[in-house]
Amino acid sequence: MSLSLRSRSLSRSAMGASQRGFTLIEVLISFLIVTLGLLGLAALQTQTVNEQFESLQHAQATLLVDNMANRIRANAAGVTAGGYSSGSDYGLQDVPGGGCSGSGAALDLCEWNALIAGAAASSGGASLSAPIGARGCLSPGTSSGSGETVVRVAIAWQGIVTSAPPSVSCGLGAFGSEGLRRVVFRDVVIR
């Protein structure tokens, strides 16, 4: 009887010793799982920052397009006279040092160019109020059979994440890869 009690106490002490703490393998596996999770969070953070910057640029471009669309709507006579059909590359043109002068379509185009170039808010020569490499485009006014004139107002800029290329030609070939070119546009109809 004493032999069976002794074997039971040995087996209990051996089990108790093997149940205490973690082995080195378990610790390493736990460390690997935590590391992979943290790497995933870092990648998610990077993607979130990129998408947030893309959204900011899109909002800025939308404001610039809406600004010119409103100017065109307010000057229907300038549209019918052909004052807003002057092509593209606004924002790349030199901004007058003394500001814009004149009136009508010429003033609107000069001020829009200054906004796209970021002249309204700049610091150290870098534009703060316009998307990266922004350029504006106005398509020639076209008339439909019903007496309407349509002017397409567009802003193109360089994105930072590759996506599908836009179908609008504003800024075509200006940003390297077409997957980095972004465009926002409005068709303004004047009756």
| Contour minus Cα-Cα distance for Arg73 and Phe31 (0.36 nm per residue) | 8.9 nm
| Ranked packing of 157-167, 107-117, most packed first, by mean Cβ within 10 Å | 107-117, 157-167
| said: Please compute the alpha carbon radius of gyration of region 20-190, then divide it by the globular-protein estimate 2.2 N^0.38 Å. Two decimals is fine. | reply: 1.49
| note | With the dipole of region 20-190 defined by +1 on each Lys or Arg Cβ and -1 on each Asp or Glu Cβ, the option from Val49, Ala154, Tyr90 whose Cα lies farthest towards the positive pole is Val49
| To the nearest 20 debye, what charge dipole does region 20-190 have about its Cα centre, counting +1 at the Cβ of each Lys and Arg and -1 at the Cβ of each Asp and Glu? | 120
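Since every read-out is calculated from the coordinates, none of them should be taken as a lab result. Fair warning: this is a prediction, and the values are worked out from it, not measured in the lab. Quick reminder, even Gly has a Cβ in these numbers, built from the backbone with ideal geometry, and neighbours come from all protein chains shown.
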